1. Which of the residues that make up region 20-33 are part of a helix (DSSP H, G or I) and either surrounded by 18 or more Cβ atoms within 10 Å (Cβ to Cβ) or charged (D, E, K, R) (or both)?
2. Kindly provide the set of residues from region 35-57 that are of a type outside the set (Asp, Glu), assigned to a helix (DSSP H, G or I) and over 17 Å from Thr82 (Cβ atoms), ordered by number.
3. Return the pairs, sorted by first residue and then second, in which the second residue is part of a helix (DSSP H, G or I) and among the hydroxyl-bearing types (Ser, Thr, Tyr), the first residue lies in region 8-22 and is without any contact (Cβ under 8 Å) to a residue 40 or more places away in the chain, the beta carbons are less than 7 Å apart, and the residues are 6+ apart or on different chains.
4. In this structure, does Thr73 turn out to be within 58 Å of the chain's Cα centre (by Cα) and under 19 Å from Arg23 (Cβ atoms)?
5. Looking at Glu16, is it assigned to a helix (DSSP H, G or I), closer than 28 Å to Val91 by Cβ, in the same structural domain as Val91 (by TED's automatic domain parsing) and acidic (Asp, Glu)?
6. Residues Ala28, Ala44: which one is under 60 Å from the mean Cα position of the chain (by Cα) and small (Gly, Ala, Ser)?
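The values are calculated or read from the model by the stated rules, or taken from the named source; none is laboratory data. Values in this document were obtained by computation on a predicted structure and should not be read as measured data. We place every Cβ from the backbone using ideal geometry, glycine too, and count neighbours over all the protein chains shown.
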Amino acid sequence: MSKTTKPERKALFALEDAAAAARFAKKAAKTLPTKQAKKLRELAKDAKDASDASKKSIRKDPKKVAKRADRATDRALTAAETALDRQQKKVAEKAKKKAAERKAAEKKAAEKAAAPKKAAPKKVAPKTAAPKKPAAEPILDDPELAATITELAPISEAVDQPAEVVLPEPLSSLSVVALRARAREQGRTGYSRLSKAQLVDLLS
């Protein structure tokens with residue numbers, strides 16, 4: 001059994017890396033959109049093909065086999081990592097956008113809840129013409145009021161009429177007794193012996 005040379009061992013390691021890169025790229029393609037997944041699957045297939053080198057080709061030209069496997073590995077890994085990074089950024093941006101929209105909606109709801117509610121406009125009833133009051137009947141047509149006026153009429157007449165002035169009777173028409181009584185009321189003296197004419201002169 002021949003001993004494996006250093007270039008051959010390097011080629012074998014390169015083939016293992018290419019196989020691992022093919023599996024990784026194929027798995028990553030399942031999470032990508034159709035167009036990107038198709039391209040990545042093609043690179044995964046190239047890496048798998050590069051990892052299937054025969055022992056004869058490895059013994060014949062191990063450096064060529066290793067170089068081909070390394071190149072396929074680099075292309076598959078680079079494409080897979082780039083596609084995954086791009087996909088993650090899109091997902092992150094989408095999540096960030098949704099979070100911003102949700103935050104804006106919550107803020108709007110909070111402002112709406114905190115804002116004072118506007119009172120509904122009062123409905124103004126259409127103005128209607130006030131019903132016309134019936135013409136007042138003459139006061140005297142009210143039986144009770146007419147009776148009251150009738151009762152108060154004598155009092156009103158008595159108030160309206162001037163008080164009767166009682167004029168004193170002429171002294172000459174009084175009798176001697178009445179003249180002497182009036183002289184007594186006035187506090188006169190010496191009237192008992194006076195005649196009627198003298199009493200009239202005394203009292204006038």
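1. Result: Ala21, Ala22, Arg23, Phe24, Ala25, Lys26, Lys27, Ala28, Ala29.
2. Hits for region 35-57 are Lys45, Lys48, Ala50, Ser51, Lys55, Lys56, Ser57.
3. Final answer for the pair search is Ala19/Ser51.
4. No; evaluated as a whole, the condition is false for this residue.
5. no
6. Working: Ala44 fails: under 60 Å from the mean Cα position of the chain (by Cα).
The match here is Ala28.
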